[in-house]
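Below you'll find the structure, written out as C-alpha cells, and then a few comments.
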Amino acid sequence: MNDLTAEQKDYAIFLPALSSFYSTFVGKQRFGKDYVNPSRIPAHLQMPDDTLEKLNWLSPDGVFQYKWSLYSAGHANLDLSTHVEKEDMVRNRNKQTSLLVGDSGGFQIGKGVWEGDWKDPNCPKASKKRLEVITWLDNTFDYAMTLDIPAWVARSPAGQEATGIRTYFEAVEGTEVNNDYFMQNRNGKCKYLNVLQGETHTEADDWYHRMKKYCDPKQYPDTHFNGWSMGGQNMCDVDLVLRRLVSLMRDGLIEKGVHDWMHFLGTSKLEWALLLTDIQRAMRKHYNSQLQISYDCASPFLATANGQVYCQVELNDKEKWVYRMVSSIDDKGLAQDTTPYSQAFLREGKHTSFLDSPVTNGLLANDICKYAPGDLNKVGNEGKTSWDSFSYCLLMGHNVWTHIYATQEANRQYENGIVPKMLVSDDFQRLAFGEVVDEIIGCADSDKALDLIKEYNKFWMNIIGTRGATGKKTVNATTKFNELFTEA
Amino acid sequence: MKDYLQDIVQHTYGLGFIDLVKITGTSEETSLDGLAEDRSVILKTDFANPVPEFMGTFGMPNLDRLGTILKLTVYEENAKISINKQERNGDDVPVGIHFENDAGDFENDYRFMSSEIVNEKLKSVTMKSVNWGVEFKPTVGSVQRLKMMISANPEERTFTAKTAGDDLVFAFGDHSTHAGEFVFQHDVGGKLSHAWDWPVEQVSKILSLSGDIVFKFSDDGVSEITVDSGLATYHYLLPAQQK
C-alpha cells in the first residue's frame, strides 16, 4: 500500500510530527549527494540523481506517498533569509502534493528553551523570536498554530525561570500578547489555528472565553484566526472536547469556509484516530461540511530513537487497539547478513510477525546492522550499536508508514463494525461512541447537547487520552485546590 | 519519642497517600505539614505539646522506611532512639533518627531531608477563608455504613455529599451505573446547597483512624476531617473533586 493519500478517505488526518533528524537526510542529500554515500542507499530506495526522495512521503517520488505532516519551530532553523540545506524537505516541498501544518514552538517557551519576558510586547528577546516564528510560519506552511504559552508552564521550573511566567493567568497574558502580534503582523499566506490550553475544565473554559475573540470575523474581519488547535486538557478529555464543540457552534466560531480546521496536539492513542473521525463526520453532517480534524504525534520517530520498530497492528474487536513496537535487530554480527530485514527480524525472535512497509520491503538485515565488530562510527569511536545514523532514518521511514497505515486500517475496521473496547459500552445498554456523538452534535439546542454530554459522563471516563488527566482521573482535586489554596 | 514517630507514620504514610512531611519545631510549638501528590489531601498538624527533639525545620521523606524500622521486632523493647544532629551555620539541626537495639548490636539510621530541600518540595499551603456549612462528630456506625456502601460500589472513586432535611446523605454512582445512597449522619444541624464530589478512598481511610474525629463540609468546595490522636491534632483538608 504505497499511496496512503488515496487511502485516507474522510478520516481525521494523522500528521506525522516530522523529525528534523529525518528531514535533514532528505534535505541535505539534495545538495552534494554525499550526506549519505549513494552506495549506502538500499537498491529499492535509490533515485537516478542519488537523492533520498524515495524517503520523502510528501513527494510523488516517495516510496510511499502521504500528503500531510506537521513540523515544529522548536526543531527548525527559522531564518528564511539564508539557504539551509537541512531544511529543504520542508521549505522546498511540492505544495501541490503536500499540506504542511506548522507548530509554533509554544512548547519551547513552556520548557524555558526560548527565553524572554513573554508578557512584555516590547521585550527584545521575545519580540525577536515572535518575528522569526511568524515569518517562518507565514512563508512555509498551509496551517500553523498560534504561539501559545501553555498553562502547564506554571509547573515547569525551567519555563518559569526563563520566561518569568509563573501562573496560569500569566500564561494567558503572554499568549494574548502573542496572539495580538500574530493578528497584526500575519501576511495572509498561512491559516492560523487558535491554540486552546488549560489543565482543568475551569481553566480550559476560561482560556476559551478569553481567546475566542481571535477567531471572531465580526471583531476581526480581515485578520481573525482560521481554526482551532486543542492543547492541554482539551486534547485528551472527550467530555471537554464535546463541550468545546458545542460552545463553538453556539458562538458561531466553527463556521464553514471560515474555521475549517481543528487540530489535536500530541495525540497517539489509536482509538482517537476513530473517535476524531466520528466527531468530524458528525460535524460535517450537522454543522460544517468542510471541517477537517487532524492530530499529530512524534511516536514513529521517538520509537526509532529508542531502537524500537513498529511490527504489527492489533485491531481486535472489543479489545485495546495498538500499533505494536518492539526492539529491532541490532547486532554487529549481522553486518554481512543479506537476509531480508523482515525475515531476520523474525529469525532473531524479535516478535512473531512483522508488517513490511514500502521502506522495509527490499531492506536487508545489513542495511540496518551496518557496523561490524571493530568498525568505527563517524566520530571515530566504536559504539555499542550496529546502527549508523542512516539506519535510524530508514526505520523512521518504516515507522511513519506503519503509523499512518495503522490509523487508516483502524478506521477501515471500525467502518466494518470491529470496535475497540474503549469506544463502546454494553454494561447496561449498548452505547457506541459514534452514535452518541452524532446525537450530541446533531442537537439543535446547545443546552440539550450539554445535558446529553452530562448524561454520558461515565462513558467519557472510559476513554483514555494520550496525556494529562484522562479517563477516571478527569475528576480530581486540582480545580478546587487551585481555587481555595495557595502554595508559597 | 517512639510514640510520636508511630503516631506520625500512622496518620500520614499509613493512609497511603502522604509520603513526605515537613516538621517545624520551636520551644513553643511543633507542627507538621503534608500534601498528597495529587492534591487530594492537605495535612496540617499541631502537636499537643512541643516535641523537644523536633527543633527547626526538616523533612521526613520515605515514611514507609520509617514505618518499617519502627515495626522491627528488635526495637520492640528497650530500643534506644535518638535524634542525630549536625552543626549548620552555627546551629545544631536535626539530620536523622538513630535506632539501636537493647544489646547494641543492631542499629538503623533514618535520614531527614534538609530544610532547603523540603521547603522546595513541600511548599507552604494556605487555605482561603471558607464557611463551614456542616460540622459533626461521625459515629463508628456511620463509618461502618460508609464502608458497606463502598463495598457495594467498588468502581466508584468519588461520592456525593448533600443534605436532605437535617440529614447528611452520601450518594454513590448515578443513573447510568449501579448506584446507592444512605444517610451518613442524622441531624447534622446545617445545610449544603451544593452537592460536591469527595474522594472515596481518602475519606474512608481518614475516618478509619483512631482518635476523636470531627467532619466538616463547606459549600465552597472543601471538607475537613480533624483527628485528635492525643499526641497531635491532624487536620485533613480535602478539596472537592470535579472535572
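Got a sec? Which helices (runs of 4 or more DSSP H) wholly within the stretch A:19-119 have at least 2 residues that are in contact with a Ser or Thr (Cβ under 9 Å, 6 or more places away or on another chain), of a type in the set (Asp, Glu) and closer than 22 Å to A:Leu265 by Cβ?
Helices (runs of 4 or more DSSP H) meeting the threshold: none at all.
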Can you tell me which residue within the stretch B:84-109, out of those that are among the charged types (D, E, K, R) and loosely packed, with under 10 Cβ neighbours inside 10 Å, is nearest to B:Leu66 (Cα to Cα)? B:Asp105
Neighbours by Cβ (under 6 Å, 6+ apart or cross-chain): first from the stretch A:60-84, without any contact (Cβ under 8 Å) to a residue 60 or more places away in the chain; second surrounded by fewer than 18 Cβ atoms within 10 Å (Cβ to Cβ) and β-branched (Val, Ile, Thr): A:Pro60/A:Thr97; A:Asn77/A:Val84
Since A:Ser342 meets every condition but one in (1) in contact (Cβ under 8 Å) with a residue 24 or more places away in the chain; (2) more than 14 Å from A:Pro42 (Cα to Cα); (3) surrounded by 18 or more Cβ atoms within 10 Å (Cβ to Cβ), which condition does it not meet? (1)
Considering A:Tyr220, A:Tyr192, A:Tyr181, which residue is buried (at least 20 other Cβ atoms within 10 Å of the Cβ), away from chain B (no Cβ under 14 Å) and aromatic (Phe, Trp, Tyr)? A:Tyr192
Since A:Gly383 meets every condition but one in (1) within 14 Å of chain B (Cβ to nearest Cβ); (2) assigned to a loop (DSSP other than H, G, I, E, B), which condition does it not meet? (1)
Evaluate the following for A:Pro42: is it within 23 Å of A:Asn361 (Cα to Cα) and surrounded by fewer than 22 Cβ atoms within 10 Å (Cβ to Cβ)? yes
Selection within the stretch B:68-83 - of a type outside the set (S, T, N, Q) and loosely packed, with under 11 Cβ neighbours inside 10 Å: B:Glu77
Kindly indicate whether any position in the stretch A:287-296 is farther than 30 Å from A:Trp261 by Cα and surrounded by fewer than 19 Cβ atoms within 10 Å (Cβ to Cβ). no
Result of the Cβ filter at 8 Å on the stretch B:121-136, keeping first residues that are more than 9 Å from every other protein chain (Cβ to nearest Cβ) and partners that are polar (S, T, N, Q) and assigned to a loop (DSSP other than H, G, I, E, B), at least 6 apart or interchain, is B:Gly133/B:Ser193
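So how many residues does the stretch A:264-293 have that are within 11 Å of A:Phe14 (Cβ to Cβ) and touching a Leu at 6+ places or on another chain (Cβ under 7 Å)?
Summing the residues that are within 11 Å of A:Phe14 (Cβ to Cβ) and touching a Leu at 6+ places or on another chain (Cβ under 7 Å) in the stretch A:264-293 gives 2.
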If you take the residues in the stretch A:1-50 that are farther than 21 Å from A:Ile368 by Cβ and of a type in the set (Ser, Thr, Tyr), which one is farthest from the chain's Cα centre (by Cα)? A:Thr5
Looking at the stretch B:201-221 only, could you name the residues that are charged (D, E, K, R), in a strand (DSSP E or B) and within 14 Å of chain A (Cβ to nearest Cβ)? B:Lys216
Taking the stretch A:88-115 as the search range and keeping residues that are more than 13 Å from A:Ser59 (Cβ to Cβ) and small (Gly, Ala, Ser), which one is surrounded by the most Cβ atoms within 10 Å (Cβ to Cβ)? A:Gly106
Quick one: in the stretch B:163-200, which of the residues that are outside any loop (DSSP other than H, G, I, E, B) and within 12 Å of chain A (Cβ to nearest Cβ) is surrounded by the most Cβ atoms within 10 Å (Cβ to Cβ)? B:Pro199
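Sort through B:Met1, B:Met55 and tell me the only one that's of a type outside the set (D, E, K, R), within 20 Å of B:Gly211 (Cβ to Cβ) and at pLDDT below 90.
B:Met1
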For the stretch A:270-284, does any single residue satisfy the condition of being closer than 24 Å to A:Ala444 by Cα, more than 14 Å from chain B (Cβ to nearest Cβ), of a type in the set (Lys, Arg) and assigned to a loop (DSSP other than H, G, I, E, B)? no
How many of the residues in the stretch B:193-208 are touching a residue at least 40 places away in the same chain (Cβ under 8 Å) and closer than 24 Å to B:Thr126 by Cβ? 7
Would you mind listing the helices (runs of 4 or more DSSP H) fully within the stretch A:129-243 where at least 3 residues are hydroxyl-bearing (Ser, Thr, Tyr) and out of contact with any His (no Cβ under 8 Å at 6 or more places or on another chain)? A:168-185
Got a number for residues in the stretch B:222-243 being among the charged types (D, E, K, R), within 11 Å of another protein chain (Cβ to nearest Cβ) and either touching a residue at least 60 places away in the same chain (Cβ under 8 Å) or surrounded by fewer than 20 Cβ atoms within 10 Å (Cβ to Cβ) (or both)? 0
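The values are calculated or read from the model by the stated rules, or taken from the named source; none is laboratory data. The structure presented is a predicted model; accordingly, all values stated were derived computationally and were not measured. Please note: Cβ atoms are built from the backbone with ideal geometry, for glycine as well, and neighbour counts cover all protein chains shown.
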